[in-house]
Amino acid sequence: MSVAREELRRGVREVCARFPNEYWRKLDAERRYPEEFVGALGEAGYLAALIPKEYGGMGLDLSAACAILEEVNRSGANAGPAHAQMYTMGTLLRHGSERQKREYLPKIASGELRLQAFAVTEPEAGTDTTSIRTTARRDDDHYVVRGRKIYISRVAQSDLMILLARTTPLEEVEKRTEGLSVFLVDLRDADGLTVKPRRVMMNNATNELLFEDVRVPLENLIGEEGEGFRYVLDGMNAERVLIAAECVGDGRFFIDRATARAKEREVFGRPIGKNQGVQFPLARAYASVEAASLMVEKAASLFEKGAPCGAEANLAKLLAAEASWEAANVAVQTFGGYGFDAEYDVERKFRETRLYQVAPISTNLILSYVAEHVLGLPRSF
Ligand SMILES: Cc1cc2nc3c(=O)[nH]c(=O)nc-3n(C[C@H](O)[C@H](O)[C@H](O)COP(=O)(O)OP(=O)(O)OC[C@H]3O[C@@H](n4cnc5c(N)ncnc54)[C@H](O)[C@@H]3O)c2cc1C
């Protein structure tokens, strides 16, 4: 590992050390957003890791951003509340106009503005994104948005939100992927938007949104009208690799904790870790996490070269989410009853890491991608 990368990891660990596991436990119990932690990560510049230097960011590559998120999760913290800014701003960076980038990116980099919400999922459409029913109708110098979204995270903690909406009705487009557009919604000035929090399994600030004629200025359209689906897909490889890095961090957290526990916990007059029945699942989970980590590195390095990386990004996400879940289960088993006790943090992280088999993309959809696009099997839906 390069010296610079090790320095970066050390810096992240230092920030995380200021927020010990008690902090996360308390937030989890109160279902409160980690304002202080996200603020500290932002202040240190890490949330602007992927923003180019000319716009005030750190101008780092995807592997560096992966190292940041992995370290956060390995420490027992949860990068989930903070990670979105890293990849959400990518849509603006890649497809926004120069004016939009100059206006927003430096403020996002400095922390003056938060762009942490990305509204795609809808109650009816679910995984079938091209079936979304939220519409944006052109009205003079505005678009008028109507529709519903579900499980949209960090809306109350954002100033800006990226929104996917249909600008041309499904019946009028040749291909389903056409006629969708991406907007930058200013949440500080969004009359007609109702935000209703949803309580979920882990401490994740997620919401149901109702748009009743929300007016979005024309100038907040990102890129070209009708091309939004392509823009969203474009950002998905980076998002998958970053989330996979978090899963690797989770996996390492579980293995670190469970290994330490197996060495110190004595039952029948000897450490439980002396039993191969305890050792082998840990060794197997370790192997899975290490293998997933290699795929994350491969995907990130292809992405950085601008090479096609759809297969690797999907595989990294699949393998890392499965490896972290395997490690989570092994950690609970190793801790026994204490694995269910909030004071030991394993149960909290167990709930947190479970999300990544479902969001931002579920395992089945990744398998379907691999089957169709890598193995050339017939399209199933
Ligand atoms: C805590 C949390 C935070 C979230 N944050 C956001 C956010 O910020 N922004 C956002 O836009 N979304 C967000 N989501 C939504 C998330 O991306 C979706 O829940 C996820 O994509 C799955 O969609 P769905 O829930 O509608 O499941 P469904 O589409 O109803 O699918 C249910 C199950 O069926 C499977 N399935 C469906 N179709 C097929 C098929 N053809 N073949 C095989 N299996 C299939 C799926 O894989 C899944 O396992 C969040 C969700 C959660 C729980």
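Working from Cα pairs under 8 Å separated by at least six residues, relative contact order for the chain is 15 percent.
With only alpha-carbon pairs counted, each pair once and no self-pairs, how large is the Kirkwood hydrodynamic radius of the range 72-112 in angstroms? About 11.5 Å, per the Kirkwood formula over Cα pairs.
Counting only protein chain heavy atoms and rolling a 1.4 Å probe, the accessible areas of H373, H95, H83 rank, largest first, as H373, H95, H83. For the range 21-26, the Karplus equation 6.51 cos²θ - 1.76 cosθ + 1.60, evaluated at θ = phi - 60°, returns couplings of 4, 4, 4, 5, 4, 5 Hz by residue, with Gly and Pro reported as x.
Quick one: grab the alpha carbon gyration tensor of the chain, order the square roots of its eigenvalues as a ≥ b ≥ c, and give me rounded if a/c is under 1.5, else prolate or oblate depending on whether a/b is larger than b/c. It comes out prolate by the Cα gyration axes.
Run lengths n ≥ 4 of DSSP H only: what is the helix-derived mean residue ellipticity at 222 nm for the chain, with -39500 (n - 2.57) per run over all residues, to the nearest 500?
So the calculated ellipticity at 222 nm is -16000 deg cm²/dmol.
How big is D, in µm² s⁻¹, for the range 189-238 by Stokes-Einstein at 10 °C and 1.306 mPa s if Rh is the Kirkwood radius over C-alpha pairs? Let's see the in-between values first.
Details: Rh = 13.8 Å.
The estimated diffusion coefficient comes to 115 µm²/s.
Taking all protein chains in place and a 1.4 Å probe, what share, in percent, of the accessible surface of the chain do carbon and sulfur account for? Carbon and sulfur: 51 percent of the exposed surface of the chain. Here is the size of the range 1-99 from its Cα atoms: Rg then Dmax, 14.2, 43 Å. The range 304-346 and the range 155-197 have Cα centres spaced 31 Å apart.
From the gyration tensor of the Cα coordinates in the range 233-329, what semi-axes in whole Å does the equivalent ellipsoid have, largest first, with each one equal to sqrt(5λ)? Please report the intermediate quantities before stating the final value.
On the way: eigenvalues 227, 19, 15 Å².
Semi-axes from the Cα gyration tensor: 34, 10, 9 Å.
The protection proxy used here, the mean number of other Cβ atoms lying within 10 Å of each residue, ranks peptides 167-180, 249-262 as follows, highest first: 249-262, 167-180. Among Q276, Q157, Q333, the largest mean-square fluctuation in a Gaussian network model of the chain (Cα springs under 10 Å) belongs to Q276.
Counted over the range 108-233, the DSSP beta bridges are approximately 85% antiparallel.
For the range 103-144, what does the accessible surface come to per residue with a 1.4 Å probe? Please give it in Å².
Values: 1950 Å² over 42 residues.
In whole numbers, the range 103-144 has 46 Å² accessible per residue.
Annotation for the range 1-30 versus the range 70-141: alpha-carbon center distance of 24 Å. At each listed q (0.19, 0.20 Å⁻¹), what is the log10 of I(q)/I(0) that the Debye formula gives for the range 322-381 modelled as equal alpha-carbon point scatterers? So the normalised log intensities are -0.70, -0.74.
Between 0 and 90 degrees, rounded to the nearest ten: what's the tilt of helix 3-17 against the longest Cα principal axis of the chain? Once rounded, the angle reads 80 degrees. Assuming a viscosity of 0.692 mPa s and a temperature of 37 °C, what translational diffusion coefficient in µm² per second does Stokes-Einstein assign to the range 165-248, Rh being the Kirkwood radius over Cα pairs? It comes out at roughly 214 µm²/s.
Please report the antiparallel percentage of DSSP beta bridges with both residues in the chain, rounded to the nearest 5.
Numbers: 32 of 38 bridges.
Bridges in the chain that DSSP calls antiparallel: roughly 85 percent.
Amide H contacts under 5 Å for Y143: V216, L218, restricted to partners 5 or more places along the chain or on a different chain, H placed in the peptide plane at 1.01 Å from N.
The values are calculated or read from the model by the stated rules, or taken from the named source; none is laboratory data. All of these numbers come straight from a predicted model, not from anything done at the bench. Reconstructed Cβ throughout: ideal geometry from the backbone, glycine too, with neighbour counts over all protein chains shown. When the accessible area is computed, the model is the full protein with side chains, heavy atoms only, and any ligands, DNA or RNA have been set aside. Shrake-Rupley method; radii C 1.70, N 1.55, O 1.52, S 1.80 Å.
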